[in-house]
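Everything below concerns the one structure shown next.
The values are calculated or read from the model by the stated rules, or taken from the named source; none is laboratory data. In this text the structure is predicted, and so the values were computed from the model without any measurement. FYI the Cβ positions are ideal-geometry reconstructions off the backbone, even for glycines, and counts take in every protein chain you see.
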């Protein structure tokens, strides 16, 4: 069989597009079924699937395609299970690909945009006779070409429709900002570095931030100055993307948790920001907060504690103070505060199971038994078929509400048509059409015949 070579820095989507063009298939479904093993294949620019099926068409090993022509190296260093991601990409279905790679953590509207550089298009046509999609342009957050310093053009594409970039670009590209070029180079540098790194250890990427934090005034005493770090990262985030990418929780987790897994753009932006922050003046003390200290109000804490409605954490949050301060005030005034059960015995476990079987809300069960919601969820999940039973109960409740809504609409409107019922109760009508269609068609009025005689 004649094979087609993989071009430098080419994405798998671009390769499949050229293969489909050479085979002159009528549509993508026919090509997918014949050459990729499944008619519903969706070839993503960053994390494609079905790589073993391309070995016979390209002569390249699936492992080589995985390392050199996808962003698997970069994603594998920031997720919890890189081996599972590899298995999914070597399959031809791609089940749970987005959740395994933590793609859903970002809300970029351009997730389906394919990017290309005008100068790269011209060079590709001169060298190879065809312009193709470059991997260096496709990572989320990269908006420029590091080789030419130009802003990338975007095309909204469907991953199941195979199209190459324009073979001739008439528009004049804009010069990219220097910070955008530096960040794009930073991303590609890390993707290249992680190609040869082991990916099955607990520490999946280097989180030793001491070289960047202390000398830049981001350490306050023995703790990180989270406020200043968050401020700097948000400045760079708006400068690069025009929006906030990292929340305070993300920053705290990246600073303090070595086993924190997330979308690779978050740790990349975090480390890039730390490297770009200029060193503070030597005479500026790093252990002094730049924010005014607000002394917590003892009277406000006492007022919240006397209400006996909130936990210590909630009281501290409302009074804008630490939990230790709330605890000290409670002890000084001999106020008994709400405590959680430290140990869950068999009797308490059976009570939680009984309430769960009766359909009680998990939060309500936690409040009644004085345990955490996570402990209640763990007991429910560890009991065989209990979670499925609760789902069945919720389904019956939802079905009853939907049936009641449809019936009430029909009772109050005698001459209402099926289309009008659907408009009045769209959510309930759609749910019944999907899960209880036989009952829905049995109670709906007969369809009207509008045919002119």
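Among the residues of segment 321-365, count how many are modelled with pLDDT of 80 or more, closer than 30 Å to residue 379 by Cα and not in a helix (DSSP H, G or I).
Counting residues in segment 321-365 that are modelled with pLDDT of 80 or more, closer than 30 Å to residue 379 by Cα and not in a helix (DSSP H, G or I) gives 4.
A quick yes/no check of all residues on (1) crowded, with 21+ Cβ neighbours inside 10 Å; (2) in contact with a strand residue (DSSP E or B) (Cβ under 8 Å, 6 or more places away or on another chain); (3) under 29 Å from residue 253 (Cβ atoms):
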site: 74; (1), (2), (3): yes, no, yes
site: 80; (1), (2), (3): no, no, yes
site: 86; (1), (2), (3): no, no, yes
site: 102; (1), (2), (3): no, no, yes
site: 128; (1), (2), (3): no, no, no
site: 142; (1), (2), (3): yes, yes, yes
site: 154; (1), (2), (3): no, yes, no
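What are the residues in segment 263-298 that are farther than 30 Å from residue 100 by Cα and modelled with pLDDT of 80 or more, if any?
None - no residue of segment 263-298 is farther than 30 Å from residue 100 by Cα and modelled with pLDDT of 80 or more, so the list stays empty.
When you scan segment 344-357, do you find a residue that is under 30 Å from residue 439 (Cβ atoms) and not assigned by TED's automatic domain parsing to the domain that holds residue 433, even just one? Give the derivation first.
Kept after step one, since they are under 30 Å from residue 439 (Cβ atoms), are these residues of segment 344-357: 356-357.
If we keep only those that are not assigned by TED's automatic domain parsing to the domain that holds residue 433 too, we end up with 356-357.
Scanning segment 344-357, I find at least one residue that is under 30 Å from residue 439 (Cβ atoms) and not assigned by TED's automatic domain parsing to the domain that holds residue 433, so the answer is yes.
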